[in-house]
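The values are calculated or read from the model by the stated rules, or taken from the named source; none is laboratory data. It should be emphasised that the depicted structure is a prediction, and the values quoted were computed from it without experimental measurement. Glycine also receives a Cβ, built like all others from the backbone with ideal geometry; neighbour counts cover every protein chain displayed. Accessible surface is based on the protein model in full, side chains and every heavy atom, while ligands, DNA and RNA are left aside. Shrake-Rupley method; radii C 1.70, N 1.55, O 1.52, S 1.80 Å.
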Amino acid sequence: MQQPVLQIKEDIGVIAQEVEEVAPELVRTNEETGMKSVRYQGLTAILIEAIKEQQKQIDELKYLLQNKK
């Protein structure tokens, strides 16, 4: 049985280097350590817009499939 997300003790995150490839403005690099970190507040807005765009594509494909019959 899975734990509810709010009860998970470990941190959940993304890999800064992967985010940097598609949205470099969301990644900061510590000049002393070279360690990278993600600005999650900016990532949230990008992900919401990506979901909206993906949903549009899904809706268009559904429409095409329904009208193909």
- Task: May I ask you to list the residues in the range 17-59 that are in a helix (DSSP H, G or I), touching a residue at least 12 places away in the same chain (Cβ under 8 Å) and open to solvent by less than 80 Å² (accessible area, probe 1.4 Å)?
- Result: 19, 20, 26, 42, 43, 46
- Message: Suppose the filter is surrounded by 10 or more Cβ atoms within 10 Å (Cβ to Cβ) and either modelled with pLDDT under 95 or over 19 Å from the mean Cα position of the chain (by Cα) (or both); does residue 1 pass it?
- Response: no
